[in-house]
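Computed from the coordinates by the stated procedures, all read-outs in this text should not be read as laboratory data. Keep in mind the model is a prediction, meaning the values are calculated, not measured. A quick note on method: Cβ atoms are made from the backbone with ideal geometry, for glycine too, and the neighbour counts reach across all protein chains shown.
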Amino acid sequence: MTNLAKKMITVTEYLALERNSKEKHEFYKGEMFAMAGAKKRHNQIVFNIIGQLYNQLKDKPCIAFGSDMKVRVKPDGLFTYPDISALCGDEKYLDENEDVLLNPSLIIEVLSESTENYDRGKKFVLYRELESLREYVLISSDYKKVEIFKRTQSNQWLLSDIIENELIHFESIHCSISFEEIYNKIQF
């Protein structure tokens, strides 16, 4: 019997490989994981939200990013590509490449069948280690459902299930979006 050990890589090696790759990969504790492409509904929801955030943030000292911006959760741990990340104030990056954000206050993940358990579970556990993170939002691409987890002053996470006709408030970046705007052009 042979023992086939996985080759672990360093953060430096990951970043060098990732910056030259045509595909996107997450990195966690020495391993790279290829990311799958998203389906139409997923992409349309992200586009709808980014469009609304652009309109509301363009005259504020805030910025939002789509899924091409990496976020570093821990120096030696998770590097990931949230569907949307945003913050108000000074952006902090890993280095002069400005392709790894260190301080998002809002992360939005659009759920798909293949990622929902990870986005709700291990990924959220790791995201909670980001001191800057104030809101974590999960949006279903299979039916109309939005969940917002907000960090309280006592460092607890409070879940709000948003009802279909409510306005969705992203307090950390001072924006609001309606269900209609999120699910515009989406058919279930």
Handout entry: Among beta bridges that DSSP assigns inside the chain, antiparallel share in %, nearest 5
Key = 80 percent
Problem - Selection of GluC sites (Glu not before Pro), the range 106-188, meeting DSSP coil and at most 15 other Cβ within 10 Å - result: Glu113, Glu129, Glu131, Glu164, Glu166
Practice task
Could you tell me what fraction of 2.2 N^0.38 Å the Cα radius of gyration of the range 39-182 comes to, as a two-decimal ratio?
Solution key: 0.98
Practice task
Would you work out the charge dipole size for the chain about its Cα centre, treating the Cβ of every Lys and Arg as +1 and the Cβ of every Asp and Glu as -1, and quote it to the nearest 20 debye?
Solution key: 380 debye
Exercise for the section: Counting other beta carbons within 10 Å of each Cβ, put Tyr118, Tyr136, Tyr81 in order, fewest first. Expected result: Tyr118, Tyr81, Tyr136
Exercise for the section: Compute the long axis of helix 40-57 from its Cα atoms, compare it with the longest principal axis of the Cα atoms of the chain, and write down the angle in degrees, 0 to 90, nearest 10. Expected result: 70 degrees
Handout entry: Sites matching trypsin sites (Lys or Arg not before Pro) across the range 1-84 that sit in DSSP coil, with at most 10 neighbouring C-beta atoms within 10 Å
Key = Lys6, Lys7, Lys22, Lys29, Lys58
Practice task
Determine, for Leu101, Leu126, the number of other Cβ atoms within 10 Å of each Cβ, and report the residues in order from fewest to most.
Solution key: Leu126, Leu101
Practice task
Name the aspartates and glutamates eligible as straight-distance cross-link partners of Lys24: C-alpha to C-alpha under 15 Å, and not fewer than 8 places from it in the same chain.
Solution key: Glu13, Asp68, Asp83, Asp99
Handout entry: Residue pairs, from the table Lys29/Lys70; Lys92/Lys144; Lys60/Lys123; Lys123/Lys150; Lys39/Lys123, whose Cα atoms sit over 24 Å apart
Key = Lys92/Lys144; Lys60/Lys123
Completion exercise
From fewest to most C-beta neighbours within 10 Å, the residues His174, His42, His25 line up as His174, His25, His42
Fill in the blank from the handout: For the chain, any Cys whose C-beta has no other cysteine C-beta under 4.7 angstrom counts as unpaired, and these are Cys175
Practice task
Only helical DSSP H runs with n ≥ 4 go in: add -39500 (n - 2.57) per run for the chain, normalise by residue count and round the 222 nm mean residue ellipticity to 500 deg cm²/dmol.
Solution key: -6000 deg cm²/dmol
Completion exercise
Under a Gaussian network model of the chain whose springs join Cα atoms within less than 10 Å, the largest fluctuation of Asn165, Asn117, Asn43 belongs to Asn165
